[in-house]
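This report concerns only the one structure given below.
Each reported figure results from applying straightforward, stated rules to the coordinates on display, with no laboratory input. What you see is a predicted model; the values in this text were computed from it and never measured. Here the Cβ is made from the backbone with ideal geometry for all residues, glycine too, and neighbour counts use every protein chain on show.
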Amino acid sequence: GQARTLEAVRDDFPLIREWGGVYLDSAATSQKPESVIAALSEHYRTRNANVHRGAYRLSSEATAAYEGARSSVARLLGVEASESLIFTRGTTESINLVAHAWGLNHLEAGDEILVTELEHHSNLVPWHLVAGYRSARVVGVRLLPDGRLDLEDYRDKLGSGRVRMVALTHISNALGTVNPVAEMARMAHEVGAKVLVDGAQAVPHLPVNLSTLGADFYAFSGHKMLGPSGIGGLWGRPELLGALPPFMGGGEMIREVFVDHSSYAGLPHRFEAGTPAIEAAVALGVAAEYLMNLGPERIWQHDRALVSYALERISRIEGIESYGPVGEDRAGVLSFNLRGVHAHDVASMLDERGIMVRSGHHCAQPTWRRLGTVGSVRASFYLYNTPQDVDRLIAALEEVRDFFGEHGL
Ligand code: PMP
């Protein structure tokens, strides 16, 4: 059929259609299309039963829908062996899974985990925990003032001979930087390190092909990619993931259990202990289909056009300092401060004008420490946003600037 226009897409989102305000916080969580919302209720109405257990038909249907969702998400990500795709609660759980299942079993005293100053706390704290257990060290690649990573510093730090894991984000949620992940993964592999990529901001916004990217592990969240909260995923190279011990123990992840020991199932069940978020997984599959129908490349171009336009408009407002790279390596995140005014004050004045943005450190304190401030106002764009949304943001910002200007700040 005919490719749908993005105007038509906007109508798929009831909250965007009906709320009236301008939603610019999709980096925190995306809005949901009707088809995803309907999938949740349809699951409970027509096939609610536990998965992988029942001998009866309803349970087989629930299992088929759950496993079908795994295939849909695998297809979106270019994953051929869908058993190497684990459902988790989201990026945070996925990274904790790797940090524990891989880290506790591979790190020795003095080993290094190389992270970056662009990471979300969820790609730092799990490594701090595991490094503490193993007497390993967490080392950070330096961030440059333009919002890009210092690749010379990366090369130097890889040269220590102790780096076992490189854990880096695909896209920064604070600045919108798109890291050169493929190149960085190649460099990590040259020194024998494994690579975990935090894809929380990338899967919703970019074409991601895990069969060619070069990552060993890849984490993402459903709620940022049009799906429900409480569901997300971890992909791992089958030979690596399949060789790891479980992260959590319980039902559904075992082969045989005795009172004093147990053996474990293979992929993917080994890493899915307990009853999963079945209806959320099914709805995430619908979200993945929705993204594939629209086309990730088209979504990327749409976000890019909005952020370029926004950067150009905001650069003409006096008193604004904006952060993050300007170029092809910039995702749809606009991060800025109005000089002399706290980010929270800017955000609440924008809210009074119907504009929803985030303010604060965006769970990336090391990023702001390096840039010499404590946080920013962040407007983030997605497929349902329009140039008119940018115009409303800019007009409201000019009012806020004039307000503080009049009061002599
Ligand atoms: N990494 C990045 C880059 C993120 O933007 C987020 C969410 N803000 C996370 C990790 C954590 O995701 P979640 O809270 O869904 O686990």
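Kindly provide the set of residues from the stretch 115-142 that are part of a loop (DSSP other than H, G, I, E, B), away from the ligand (no atom under 15 Å from the Cβ) and charged (D, E, K, R), ordered by number.
First pass over the stretch 115-142, keeping only residues part of a loop (DSSP other than H, G, I, E, B): 117-120, 124, 135-136, 142.
If we keep only those that are away from the ligand (no atom under 15 Å from the Cβ) too, we end up with 135-136, 142.
Listed by number, the list holds a single entry, Arg142.
Is at least one residue of the stretch 258-275 surrounded by fewer than 22 Cβ atoms within 10 Å (Cβ to Cβ), free of Cβ contacts under 8 Å to residues at least 12 places away in the same chain and among the hydrophobic types (A, V, I, L, M, F, W, C)?
The answer is yes, given that some residue of the stretch 258-275 is surrounded by fewer than 22 Cβ atoms within 10 Å (Cβ to Cβ), free of Cβ contacts under 8 Å to residues at least 12 places away in the same chain and among the hydrophobic types (A, V, I, L, M, F, W, C).
Out of all the residues in the stretch 89-129, which are under 13 Å from the mean Cα position of the chain (by Cα) and more than 21 Å from Val191 (Cβ to Cβ)?
Listed by number, the residues that qualify are Arg89, Gly90, Thr91, Thr92, Glu93, Ser94, Ile95, His120, His121, Ser122.
Could you pull out the residue among Asp345, Asp329 that is in contact (Cβ under 8 Å) with a residue 24 or more places away in the chain and out of contact with any Phe, Trp or Tyr (no Cβ under 7 Å at 6 or more places or on another chain)?
Numbers: Asp345 fails: in contact (Cβ under 8 Å) with a residue 24 or more places away in the chain.
Of Asp345, Asp329, the one residue that is in contact (Cβ under 8 Å) with a residue 24 or more places away in the chain and out of contact with any Phe, Trp or Tyr (no Cβ under 7 Å at 6 or more places or on another chain) is Asp329.
So the check is Cβ under 8 Å with 6+ separation or different chains; which pairs have a first residue in the stretch 214-225 that's within 30 Å of Ile37 (Cβ to Cβ) and a second one that's away from the ligand (no atom under 12 Å from the Cβ) and of a type in the set (Val, Ile, Thr)?
Between residues of the stretch 214-225 that are within 30 Å of Ile37 (Cβ to Cβ) and residues that are away from the ligand (no atom under 12 Å from the Cβ) and of a type in the set (Val, Ile, Thr), the close pairs are Tyr218/Val208; Ala219/Val98.
Hey, among the residues in the stretch 217-243 that are of a type in the set (A, V, I, L, M), under 12 Å from Val98 (Cα atoms) and surrounded by 22 or more Cβ atoms within 10 Å (Cβ to Cβ), which one's nearest to the ligand (Cβ to nearest atom)?
By that ranking, first place goes to Ala219.
Any residue at all in the stretch 88-103 that is out of contact with any helix residue (DSSP H, G or I) (no Cβ under 7 Å at 6 or more places or on another chain), among the basic types (Lys, Arg) and within 16 Å of the ligand (Cβ to nearest atom)?
Scanning the stretch 88-103, I find at least one residue that is out of contact with any helix residue (DSSP H, G or I) (no Cβ under 7 Å at 6 or more places or on another chain), among the basic types (Lys, Arg) and within 16 Å of the ligand (Cβ to nearest atom), so the answer is yes.
Against the definition (farther than 26 Å from Gln301 by Cβ, crowded, with 23+ Cβ neighbours inside 10 Å and within 18 Å of the chain's Cα centre (by Cα)), how does Asn173 come out, yes or no? Full working, then the answer.
Working: farther than 26 Å from Gln301 by Cβ: no; crowded, with 23+ Cβ neighbours inside 10 Å: yes; within 18 Å of the chain's Cα centre (by Cα): yes.
Judged against the criteria, Asn173 is not a match.
Within the stretch 217-272, how many residues turn out to be within 30 Å of Asp25 (Cβ to Cβ) and either out of contact with any strand residue (DSSP E or B) (no Cβ under 6 Å at 6 or more places or on another chain) or in a loop (DSSP other than H, G, I, E, B) (or both)?
9
Inspect all residues belonging to the stretch 282-303 and state whether any of them is part of a loop (DSSP other than H, G, I, E, B) and either β-branched (Val, Ile, Thr) or more than 30 Å from Val9 (Cα to Cα) (or both).
No, every residue in the stretch 282-303 fails to be part of a loop (DSSP other than H, G, I, E, B) and either β-branched (Val, Ile, Thr) or more than 30 Å from Val9 (Cα to Cα) (or both).
Might you check whether a residue that is touching a Gly at 6+ places or on another chain (Cβ under 9 Å), part of a helix (DSSP H, G or I) and hydroxyl-bearing (Ser, Thr, Tyr) occurs anywhere in the stretch 339-360?
Within the stretch 339-360, none of the residues are touching a Gly at 6+ places or on another chain (Cβ under 9 Å), part of a helix (DSSP H, G or I) and hydroxyl-bearing (Ser, Thr, Tyr).
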